Amino acid sequence: MKSLILILTIFSILFPASGSQLVLTQPPKQCPYVLQLDLDPYANIKGGTWIGRTPNSVNSHYFNPKIASTGFHWVLYSVYDPDSAIWLTDSVQIEVYDTLHLNFSYYQSICDNYNPIDLDYYISPGGGDWSSPELTLHTGNILNPLSAGKGKFHLIYSWYQYSTKCTFKDTFEIEILPAPVVTVSASDTQTIFCRNDHSIQLKGLPVGGFWDGAGIENDSFFNPKNPSLLNGVNKVYYYFTDSLSYCFGYDSLEFILLPIPEISIKTTAPLCYPQPYFVEAETKYSSKTTWFTHNWNASGLYGSDISKLTVRYDPGLEDALRGYFYLFLEASTLYCGNFQDSQKFYLLPHPQINFEVDKTTGYKPLTVQFKDKTLLPGSQLVGWEYYFGDDSYSLDDPDPVHIYEKAGNYTVLYKVRTKEGCNASLTKSKLVKVEEKVGWNEEGRFNKIKWYKEDNCLVIINENSAFSPLYVQIYTISGELIFTGSVHEFLRLDVNEWHGLACIIRVTTPSGENTSLKFLL
């Protein structure tokens, strides 16, 4: 065939036809992945033979860009002209665009526990379309290994080049491998720890993995004492990698770490014998720690399941005689064991409080001198408080002077305080009695005794039961006694016969005190 074409070509050159003229039209540039091109429409004379210089680039009158390599291809066209009885030949050049190489840089295999994969991130150039005959890409270019299942899958990527209007495709194979199933456990079922607890050994299946997380020591122990741990929830992980697929699996354990509870005996004041003393336990702990009991023990006195203890000590106790004693406190918790505290208490002397007054009775205004008589061996008073019973008081004076302005019976409260903080108080009921003096007041009353004239009668009313009976005597100006008598509550005396007489009225109390007043009858 090649020899024939060569002979026809030489013949057509030596003896050009005088009739028909062969004209070939240049085909357009071809995309490398398009269907084969029919060359006959590009020749003005049909029925000839197309021969390509590149092997397999032409099949009959079809040019196949998929088979042809990229670049330029010469195609010879030969056709017999019956009019001139000669072979006409000509050639055209067909250019095939360069094949675009699509680069997929992801692993050939992935594990089924991977997170969903964005395939566009690993392909260059990007912006094309993904498809697969074996699986469904759930969201465009997103491949979810967990839902895809295990096995080998083909990913077809199509990319359109706007400059050449060519579509490039490539197929990539990716295999999804099963990740190993990992389970973890602890040698102890306990998941709540205190910082002073012992370490526990952790186990993971399959064996051969490694542990990670705060508190992991020696690759298989969880140590609650590890300083890197925080109070609260701590999570540790076990990782295992399959030696064939290099897929890894993991599992985790959660531990709750509680701070070590703080327990202490809270003191608010010294212990002053023999006053009762309230001792309170101060405890600080996590809300997840439950206290079972507070057990107290002090010199034979016990208190259980209480946080406050009231203690009254007997001076006959051996420890008390030495001047001190020990108080022990133990608290039992649900998770963190038992904790103890102890404290040494000193028994301080209690003030033997007392005071004196220079007088307990008298007429108003009554001045009373108070004097401290407290006995306090081995100590010193630093505070004095007197409450006199008439809504007045004195502070910081052991020997005050107080004036009672009103009559009445007054109860006195006295308090003292030592330099160590021991307190004592003493109340003396109705200690001071203040009386009214006998005499006329500004309203014409004589110590709640009314005097007035009514209907030729002298009326005397005694409203003061403390001066009962009163003795009444009436004298004339010349000294003549014209009446004598007594008044308990009420006296009405007819003085008609003495009408207009100037008299002197004398009133005498049972104690012998008296007063006089001129009166016109």
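The values are calculated or read from the model by the stated rules, or taken from the named source; none is laboratory data. All values reported here derive from a predicted model rather than from experimental measurement. Cβ coordinates were reconstructed from backbone atoms using ideal geometry, including for glycine residues, and neighbour counts include every protein chain displayed. Areas reflect the complete protein model, heavy atoms only, side chains present, ligands, DNA and RNA absent. Shrake-Rupley method; radii C 1.70, N 1.55, O 1.52, S 1.80 Å.
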- Would you call Phe193 crowded, with 19+ Cβ neighbours inside 10 Å and in contact (Cβ under 8 Å) with a residue 60 or more places away in the chain? yes
- Within the bounds of the range 166-184, is there any residue that is open to solvent by 40 Å² or more (accessible area, probe 1.4 Å), among the basic types (Lys, Arg) and free of Cβ contacts under 8 Å to residues at least 40 places away in the same chain? no
- Within the bounds of the range 320-329, is there any residue that is outside any strand (DSSP E or B), touching a helix residue (DSSP H, G or I) at 6+ places or on another chain (Cβ under 8 Å), open to solvent by 30 Å² or more (accessible area, probe 1.4 Å) and modelled with pLDDT under 75? no
- Note on the structure: When the range 119-130 is checked residue by residue, the ones that are surrounded by 15 or more Cβ atoms within 10 Å (Cβ to Cβ) and part of a strand (DSSP E or B) are Ile123, Trp130
- Of the residues in the range 387-425, how many are within 12 Å of Ile353 (Cβ to Cβ) and of a type outside the set (A, V, I, L, M, F, W, C)? 7
- Specify the residue that is least open to solvent (accessible area, probe 1.4 Å); the eligible residues are those in the range 102-117 that are more than 25 Å from Pro180 (Cβ to Cβ) and touching a residue at least 24 places away in the same chain (Cβ under 8 Å). Leu102
- Tyr77 vs (1) part of a strand (DSSP E or B); (2) free of Cβ contacts under 8 Å to residues at least 24 places away in the same chain: all pass except (2)
- Going through the range 80-103 one residue at a time, which ones are farther than 12 Å from Gln30 by Cα and either in contact with a strand residue (DSSP E or B) (Cβ under 7 Å, 6 or more places away or on another chain) or part of a strand (DSSP E or B) (or both)? Tyr80, Asp81, Ile86, Trp87, Leu88, Thr89, Asp90, Ser91, Val92, Leu100, Leu102, Asn103
- Determine whether the range 485-496 contains at least one residue that is over 60 Å from the mean Cα position of the chain (by Cα), of a type in the set (Gly, Ala, Ser) and in a strand (DSSP E or B). yes
- Task: Inspect all residues belonging to the range 382-405 and state whether any of them is modelled with pLDDT under 85 and open to solvent by less than 80 Å² (accessible area, probe 1.4 Å).
- Result: no
- Which condition number does Gln201 fail, the rest of (1) surrounded by 13 or more Cβ atoms within 10 Å (Cβ to Cβ); (2) part of a strand (DSSP E or B); (3) over 23 Å from the mean Cα position of the chain (by Cα) being met? (1)
- Query: Looking only at the range 30-66, which residues are in a strand (DSSP E or B) and surrounded by 14 or more Cβ atoms within 10 Å (Cβ to Cβ)?
  - Reply: Gln30, Leu37, Ala43, Thr49, Trp50, Ile51, Gly52, Val58, Tyr62, Phe63
- Those residues of the range 132-162 which are in contact (Cβ under 8 Å) with a residue 40 or more places away in the chain, more than 17 Å from Asp112 (Cα to Cα) and out of contact with any Pro (no Cβ under 7 Å at 6 or more places or on another chain), in sequence order: Tyr157, Gln161
- Among the residues of the range 214-244, which ones are open to solvent by less than 30 Å² (accessible area, probe 1.4 Å) and under 30 Å from Tyr107 (Cα atoms)? Val236, Tyr238
- Query: Can you name the residue in the range 355-381 that is closer than 22 Å to Glu420 by Cα, in a strand (DSSP E or B) and modelled with pLDDT under 90 and, of all such residues, is nearest to the chain's Cα centre (by Cα)?
  - Reply: Leu381
- Task: State all residues of the range 143-155 that are assigned to a strand (DSSP E or B), open to solvent by less than 50 Å² (accessible area, probe 1.4 Å) and on the phi < 0 side of the Ramachandran plot; if no residue qualifies, say none.
- Result: Leu143, Phe153, Leu155
